[in-house]
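Visitor: Quick one: the structure is below, and I'll ask about it shortly.
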Amino acid sequence: DFVYALGGDSIQSAIDKLLPNNFSQIPVIEASGRIDLMTTNTIFRWFGGTASPDPLSTTVGDVIRYKEADEKFDCIPPTTTVFSVVEAFRREAALIAQIITDDGTFYGSGKAILTASDIPTLLNEIT
C-alpha cells in the first residue's frame, strides 16, 4: 500500500503513519494535488522551532514549511528501470527519495516510494 498524508491532515495523523512503519519520510498530497515529501527531520525542525507545538491542531501543510531545500526528491513513472533508479541516487547525493507516480509527474497518482536504503533490494531484483 502507498502510505501518504494529506496537507490538511493533522501532523499527529502523519506521525501515526510513520512510526509503525519505521518510515523516515512520507509523501504528502497537497490541496492542489501536487506531491511533496515530508521527513522526520522536517517534523523535528517544526517541533524545535515552535513555541508550543500542538500535533493535533497543526496540519501537515503547516509543518512541511519547515522542510530544508536540500531535502530533494523526484517523481518517476512506473516504467523507470532499476538501473535508472540506482543511477539517480548515485548521481545526486541530495536525492533522498523517488516517488513512483502513474505518469511520472508531481501531480500523478502515487504508487510507491523508493529511498537509498532500497538499493540493495533493487539490485537483488536484477541479479
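Visitor: Is it fair to say residue 107 is aromatic (Phe, Trp, Tyr), surrounded by fewer than 17 Cβ atoms within 10 Å (Cβ to Cβ) and over 12 Å from the mean Cα position of the chain (by Cα)?
Guide: When the stated conditions are applied, residue 107 passes them.
Visitor: Could you list, in sequence order, all residues of segment 42-65 that are over 17 Å from residue 13 (Cβ atoms) and aromatic (Phe, Trp, Tyr)?
Guide: If the condition is that a residue be over 17 Å from residue 13 (Cβ atoms) and aromatic (Phe, Trp, Tyr), then 44 is the only one that fits.
Visitor: Would you pick out the residues in segment 54-79 that are in contact (Cβ under 8 Å) with a residue 24 or more places away in the chain, part of a helix (DSSP H, G or I) and open to solvent by 50 Å² or more (accessible area, probe 1.4 Å)?
Guide: 62, 66
Visitor: Which residue, of 43, 113, 99, is assigned to a helix (DSSP H, G or I) and either of a type in the set (A, V, I, L, M) or modelled with pLDDT under 95 (or both)?
Guide: 43
Visitor: While we're here: Would you point out the residue of segment 2-53, among those that are basic (Lys, Arg) and open to solvent by less than 70 Å² (accessible area, probe 1.4 Å), that is farthest from residue 114 (Cα to Cα)?
Guide: So, considering only residues that are basic (Lys, Arg) and open to solvent by less than 70 Å² (accessible area, probe 1.4 Å), the one farthest from residue 114 (Cα to Cα) is 45.
Visitor: Considering only segment 80-95, state which residues are open to solvent by less than 50 Å² (accessible area, probe 1.4 Å) and in contact with a strand residue (DSSP E or B) (Cβ under 8 Å, 6 or more places away or on another chain).
Guide: Correct list: 80, 85, 88, 89, 94, 95.
Visitor: Does residue 84 qualify as being part of a loop (DSSP other than H, G, I, E, B), farther than 13 Å from residue 110 by Cβ and not β-branched (Val, Ile, Thr)?
Guide: When the stated conditions are applied, residue 84 does not pass them.
The values are calculated or read from the model by the stated rules, or taken from the named source; none is laboratory data. It should be emphasised that the depicted structure is a prediction, and the values quoted were computed from it without experimental measurement. Quick reminder, even Gly has a Cβ in these numbers, built from the backbone with ideal geometry, and neighbours come from all protein chains shown. Calculation scope for accessible area: heavy atoms of the full protein, side chains included, ligands and nucleic acids excluded. Shrake-Rupley method; radii C 1.70, N 1.55, O 1.52, S 1.80 Å.
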